[in-house]
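S.K.: Below is one structure. I have some questions about it.
The values are calculated or read from the model by the stated rules, or taken from the named source; none is laboratory data. The shown structure was predicted, so the numbers you read here are calculated from the model rather than taken from an experiment. Cβ sites come from the backbone with ideal geometry, for glycine too, and all protein chains shown count toward neighbours.
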Amino acid sequence: MAEAASYDVVIIGGGPGGYNAAIRAGQLGLKVACVEMRDTLGGTCLNVGCMPSKALLHASELFEVATKEFPKLGITVGTPKVDLSQMMAQKAESVTGLTKGIEFLFKKNKADWIKGKGKITGQTPEGLGQVEVTAADGTVTQLTAKDIVIATGSEPTPLPGVDFVEGKVIDSTGALSLPSVPKKLIVIGAGVIGLELGSVWRRLGAEVTVVEFLDKVGAGMDAEVATAFQRGLTKQGMTFKMGTKVTSAKVAKDGVVLTLEPAAGGATETLTGDVVLVAIGRRPYTAGLGLESVGIETDKRGFLANDHLKSGKDGIWVIGDVTHGPMLAHKAEEEAVAVIEYIAGKAGHVDYDLVPSVIYTGPEVAWVGKTEEQLKAAGVDFKKGKFPFTANSRAKINHETEGFVKVLADSKTDKVLGVHIYGPQAGELIGEACIAMAFGAAAEDIARTCHAHPTRSEAVKQAAMGIDNWTMQA
Ligand code: FAD
Ligand code: NAD
């Protein structure tokens, strides 16, 4: 058998967690390999997640703007039409550009990509971690490492009673490459994926019904924002069946027939669609990883626990979707940098209280910090400043007045505890709230910071001014 290639760090998984860790390790002069079994680097996010979904959100939004807004703005372009194969082709091209970009960054930072499925096989007598990589053609490569980082990510959670059937009952990956616009799309789960991809297909012409178990959309967002958000999506033509569970799905000749039941139990009904998207969450992926060889166990929900990213076994670390915390690319990236800095003896740092969330619908929803409900539950005495986009001059001029900014601050100290935005470019605006909160800002700090006029960001300043009731434009 060929001698094992030895590394300082071997990372298993080439998604935002794994590839950022590999690049950071290269930057810090560590000898690093990243094991990835897909044909391309970038993981879920670049291949079948963040990036292709944003490509379709962007294209479908422009289609809707061209159809509905252009005439109002005095622009005549004839009747816009969707060329779905071109829309998919530009998405694929962007994704390829991004995944190739990661390959380039690997080369630049001297990180090796070992193609194949990685399995931890134990420890050498000297205490080095062992990883066996099996390539698609069956070739096996042995690696050893002082440190192993598990960054194997997640996969869609299946719904019992609702089996996936290609093109009919699909997960998010299927919904990113439908060959035609379905007449009726049913989405199970009013979370991030359901509302983003539901928006894509509604804009392109599908009748979209969203079935949600809870009474609130948006998986964990502030309740006042969730109510406004659901109202906005309903106005756009999305139909919601809230407080409802799906108990079975049957593929019939004329579509997929779902059986629904109130979440609390009760009379059943059926709902038929051409395509059903199951988007009820994602679960950690550790299949075939060889955890048993080093005595690491998953918790009841399949996650790997961590303490400052340590797995509990010397020299084995865990980051990204496979471990606890929000399943977000930027959370995985923060952990990637921190884990390599810990390994290199530096002071890594992740502030889990300041991981922003963004839903890239039209308009967007974004938030960071605590919701009103969380503050109330924790008994925190807080003040609230709120500013509507109807009173923001840039939003008005652009005819984008849906939504508001809400700032929550400690009543005594004025420290900003949460910022919630439902409105145009919320995902970009939340960046200033993240920076302010990272520096421990008071609401007055934001309120007294000069913001350019006319910009949507003035709505953030005005909401902060609202904490002490000196909002000027509303
Ligand atoms: P992953 O990206 O899942 O990468 C893990 C990689 O490990 C995979 O490529 C897998 O092939 C590989 N792997 C697993 N096991 C092995 C093994 N044994 N050997 C070799 N390779 C292995 N997040 C956001 O922040 N913003 C968004 O806009 C956003 N949009 C999304 C849209 C969709 C449709 C989906 C599904 C997800 C979205 N996410 C978004 C979530 C985001 O994709 C994940 O949080 C992120 O990819 C997690 O990164 P990761 O590195 O932990 O795991
Ligand atoms: P999610 O957790 O965001 O939402 C799942 C929704 O399904 C919840 O509202 C939940 O109540 C509902 N649900 C659960 N079981 C149900 C059932 N049996 N019947 C009906 N409804 C049910 O999960 P998701 O939308 O699948 O997304 C998965 C992950 O991917 C999330 O953690 C998210 O962070 C990440 N993601 C992020 C982005 C982004 O940052 N913009 C985009 C897409 C995905």
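S.K.: Checking the conditions here, which among K119, K146, K107 is more than 29 Å from the chain's Cα centre (by Cα) and either more than 30 Å from W201 (Cβ to Cβ) or part of a loop (DSSP other than H, G, I, E, B) (or both)?
M.R.: Answer to the selection: K146.
S.K.: Kindly provide the set of residues from the stretch 1-37 that are within 21 Å of G345 (Cα to Cα) and within 16 Å of ligand 2 (Cβ to nearest atom), ordered by number.
M.R.: Within the stretch 1-37, just G17 meets the criteria.
S.K.: Name the single residue that is surrounded by the most Cβ atoms within 10 Å (Cβ to Cβ) among those in the stretch 240-267 being away from ligand 2 (no atom under 14 Å from the Cβ) and of a type outside the set (A, V, I, L, M).
M.R.: Among them, the one singled out is G255.
Conditions (1) surrounded by fewer than 18 Cβ atoms within 10 Å (Cβ to Cβ); (2) β-branched (V, I, T), marked per residue:
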{"site": "V82", "(1), (2)": "yes, yes"}
{"site": "F104", "(1), (2)": "yes, no"}
{"site": "G122", "(1), (2)": "yes, no"}
{"site": "G129", "(1), (2)": "no, no"}
{"site": "A145", "(1), (2)": "no, no"}
{"site": "D171", "(1), (2)": "no, no"}
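S.K.: Next question. Please work out if V211 is within 10 Å of ligand 2 (Cβ to nearest atom), of a type in the set (A, V, I, L, M, F, W, C) and without any contact (Cβ under 8 Å) to a residue 40 or more places away in the chain.
M.R.: For V211, the condition - within 10 Å of ligand 2 (Cβ to nearest atom), of a type in the set (A, V, I, L, M, F, W, C) and without any contact (Cβ under 8 Å) to a residue 40 or more places away in the chain - is not met.
S.K.: Has the stretch 399-409 got any residue that is surrounded by fewer than 21 Cβ atoms within 10 Å (Cβ to Cβ), among the small types (G, A, S) and either within 16 Å of ligand 1 (Cβ to nearest atom) or not in a helix (DSSP H, G or I) (or both)?
M.R.: The answer is no, given that none of the residues of the stretch 399-409 is surrounded by fewer than 21 Cβ atoms within 10 Å (Cβ to Cβ), among the small types (G, A, S) and either within 16 Å of ligand 1 (Cβ to nearest atom) or not in a helix (DSSP H, G or I) (or both).
S.K.: Please work out which residue is nearest to G43 (Cα to Cα), limiting yourself to the stretch 60-99 and to residues that are of a type in the set (D, E, K, R) and touching a residue at least 40 places away in the same chain (Cβ under 8 Å).
M.R.: Among them, the one singled out is K91.
S.K.: In the set T298, T272, which member is more than 16 Å from ligand 1 (Cβ to nearest atom), more than 21 Å from the chain's Cα centre (by Cα) and surrounded by 13 or more Cβ atoms within 10 Å (Cβ to Cβ)?
M.R.: T272
S.K.: I've got another one for you. Can you say whether G348 is assigned to a loop (DSSP other than H, G, I, E, B), in contact with a His (Cβ under 9 Å, 6 or more places away or on another chain) and under 22 Å from G43 (Cβ atoms), as far as the supplied structure shows?
M.R.: yes
S.K.: In the stretch 20-49, what residues are within 14 Å of ligand 1 (Cβ to nearest atom), surrounded by fewer than 21 Cβ atoms within 10 Å (Cβ to Cβ) and not aliphatic (A, V, I, L, M)?
M.R.: R38, D39, T40
S.K.: State whether the residues of the stretch 155-166 include one that is within 15 Å of ligand 1 (Cβ to nearest atom), touching a Pro at 6+ places or on another chain (Cβ under 8 Å) and under 30 Å from K68 (Cβ atoms).
M.R.: Within the stretch 155-166, none of the residues are within 15 Å of ligand 1 (Cβ to nearest atom), touching a Pro at 6+ places or on another chain (Cβ under 8 Å) and under 30 Å from K68 (Cβ atoms).
Rundown of residues vs (1) among the basic types (K, R); (2) buried (at least 22 other Cβ atoms within 10 Å of the Cβ); (3) over 30 Å from R24 (Cα atoms); (4) free of Cβ contacts under 8 Å to residues at least 12 places away in the same chain, yes/no style:
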position	(1), (2), (3), (4)
I319	no, yes, no, no
G325	no, no, no, no
G345	no, no, no, yes
F382	no, no, yes, no
G385	no, yes, yes, no
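S.K.: Residues that are within 23 Å of A426 (Cα to Cα), polar (S, T, N, Q) and at pLDDT 95 or above, at least 2 per element: which helices (runs of 4 or more DSSP H) completely within the stretch 172-264 meet that?
M.R.: Output list reads 223-235.
S.K.: Continuing with the same structure: Suppose we filter the stretch 327-343 for residues that are more than 15 Å from ligand 2 (Cβ to nearest atom) and in contact (Cβ under 8 Å) with a residue 60 or more places away in the chain; how many remain?
M.R.: 6
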